[in-house]
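The values are calculated or read from the model by the stated rules, or taken from the named source; none is laboratory data. No experiment lies behind these values; they were computed from the predicted model shown. Cβ: placed from backbone, ideal geometry, glycine included. Neighbour counts: every protein chain shown. Ligands, DNA and RNA are excluded from the accessible area calculation, which covers all protein heavy atoms including side chains. Shrake-Rupley method; radii C 1.70, N 1.55, O 1.52, S 1.80 Å.
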Amino acid sequence: MTTPVKQHLIDPEICIRCYTCEMTCPIGAIQHDDTNVVVDPDICNFCMDCIPVCPTGSIDEWRVVETPYTLEQQYAFDELPEQDDIALPEDAGGEEIEAHDDVVVALLAEAHKGTGGKARAPATASKPTINLYSLSNPAKATVQGNYRLTDAAGDNDVRHIILDLGRVPFPVLEGQSIGIVPPGVDAEGKAHLPRLYSVSSPRDGERPGFNNVSLTVKREKMGLCSNYVCDLAKGDEVQVTGPFGSTFLLPSDPEAHLLMICTGTGSAPFRGFTMRRQRETPGARDSLTLVFGARSARDLPYFGPLKKVPDQFMRKTFAFSRAEDQPRQYVQDKLREEADTVGALLKTEKAHVYICGLKAMETGVEEALGEIAASAGQDWAELRNRMREEGRYHVETY
Ligand code: NAP
């Protein structure tokens, strides 16, 4: 009988196909085809370099197996197989493998200061469709609009892009991402990998009943795809993959109170959440809270439309880090200012926390929420882990 071994796998349902793990792996153990990203069991040496860079936690999957799943089997996974009833013998695979659970936990804690971890979808979320269109079978979309959201005089160029999918079925939920395939090839002559962007429109489209989605994209100085997307003109054709993501989703329960904390273009999914709620339950009161950080009002995507959303429908707080004649403020400062309200909210079972945007914000937000929970008499680590288990705590940062 074969000695059982621990095998590293990637959850195809959660993976958003950003390929960061593949680019990070120092020994080429991670590869992809048009469908899945997989780990070669003959190469992986459990170095764990891929663990902290994964934005979703889909990389943190392990199975004890007698015969490792082959690459072909992994490429065919729609979901991960259940763990069979196999025990790992004490002498199987050496110390690194034995100790790997602790290593993974430590790496995730270090990378995300506790905010990351394995995500779960809200219990009442709609079932998402994932990976319908792949690299070899991309959907073709036509650009319907490209509007600058930030002040034209500033150097922060953030765009609202609307893509029309025409007759191509493209079921996408708020919080999911899509891939855009930049044209051309890389230095090695290979087609570029798609870049991931969160959808900023609700499930029934930017314009309800029309088969279109919107994106919120910031031009990065050296960004191959962001420059391509930000320069798109009406009528241009774009290759789209996805949709991706099955956990950072909106609960269908209209009573669920969403605490949405974001910086910059991390606001994209929250625009989708808010518009869905506006269309579905326009009369709802006190069930949405947005804490939004940007350099200034001029740099804050959708500032004008957001200001018009009534406070009873969505409580909004803005933190500006570079506004003239004002001290620097960050989302964590605003959370502390609202400690009483946030603390009371965290005590309810209806609270859902979403954090999206710059990776650097995780530490500050985590500390602020920890202090707030403690002053409300709660053990934050215990509460956060329970909320994550219950699909009520979500972090998506890059
Ligand atoms: P940005 O304009 O560079 O920054 C937005 C605000 O965040 C600024 O006020 C900035 O302050 C502040 N900030 C910087 N470091 C912070 C920290 N440690 N804690 C709290 N606030 C901090 O933002 P951006 O370029 O739009 O970046 C948005 C990020 O979100 C990108 O990394 C993008 O990849 C990511 N994103 C993620 C998703 C997703 O996960 N689905 C979707 C869209 C975007 P300063 O003035 O001090 O810099």
Distant-in-sequence amide H partners of VAL395 (H built 1.01 Å from N, under 5 Å): ILE355
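Which entries in the list LYS316/LYS359; LYS6/LYS190; LYS6/LYS140; LYS6/LYS350; LYS307/LYS359 go over 29 Å, if you measure between the two C-alpha atoms of each?
Going by Cα-Cα distance, LYS6/LYS190; LYS6/LYS140; LYS6/LYS350 fall outside the 29 Å limit.
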Built amide H within the under 5 Å cut-off of SER126, gap 5+: SER252
Sparsely packed trypsin sites (Lys or Arg not before Pro) within region 294-398, loop by DSSP, other Cβ within 10 Å at most 11: ARG328
Farthest toward positive dipole pole in the chain [+1 Lys/Arg, -1 Asp/Glu at C-beta], among GLY145, LEU358, VAL342: GLY145
Between region 162-230 and region 22-82, the Cα center-to-center distance that results, in Å: 25 Å
Carbon/sulfur fraction of accessible area - the chain, other protein chains in place, 1.4 Å, %: 51 percent
Helical mean residue ellipticity (222 nm; -39500 (n - 2.57) per DSSP H run of 4+; nearest 500) of the chain: -6500 deg cm²/dmol
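First check a/c for the chain, with a ≥ b ≥ c the square roots of the eigenvalues of its C-alpha gyration tensor; if it is under 1.5, answer rounded, and if not, answer prolate when a/b is larger than b/c or oblate otherwise.
oblate
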Table column - 3J(HN,Hα) (Hz), region 10-15, Karplus curve with 6.51, -1.76, 1.60, x for Gly and Pro: 10, 6, x, 7, 9, 4
Farthest positive-ward along the chain dipole, Cα basis, beta-carbon charges - from GLY377, PHE303, THR289: PHE303
Karplus 3J(HN,Hα) series, Hz, for region 161-176 with 6.51 cos²θ - 1.76 cosθ + 1.60 (x for Gly, Pro): 10, 10, 10, 9, 8, x, 9, 7, x, 9, x, 9, 9, 4, x, 7
Cβ-based charge dipole, region 128-259, positive-most Cα from VAL168, VAL199, SER226: VAL168
For TYR133, distant residues with modelled amide H under 5 Å away: GLY242
Two-site label geometry, GLU237 and GLN312: point separation in nm, points 7 Å out along Cα→Cβ: 5.0 nm
For the chain, accessible area per residue (1.4 Å probe, heavy atoms of protein chains only), Å²: 46 Å²
Spin-label zone in region 2-44 - amide nitrogen under 15 Å from a point set 7 Å from the Cα of THR67 along the C-beta vector: 2-5
Assigned charges on the beta-carbon of Lys, Arg, Asp, Glu; the chain dipole about Cα centre (debye): 2580 debye
Approximate spin-label separation GLU82-ASP340, in nm, with each point projected 7 Å along Cα-to-Cβ: 5.1 nm
Rounded to 5, percent antiparallel among DSSP beta bridges of the chain: 60 percent
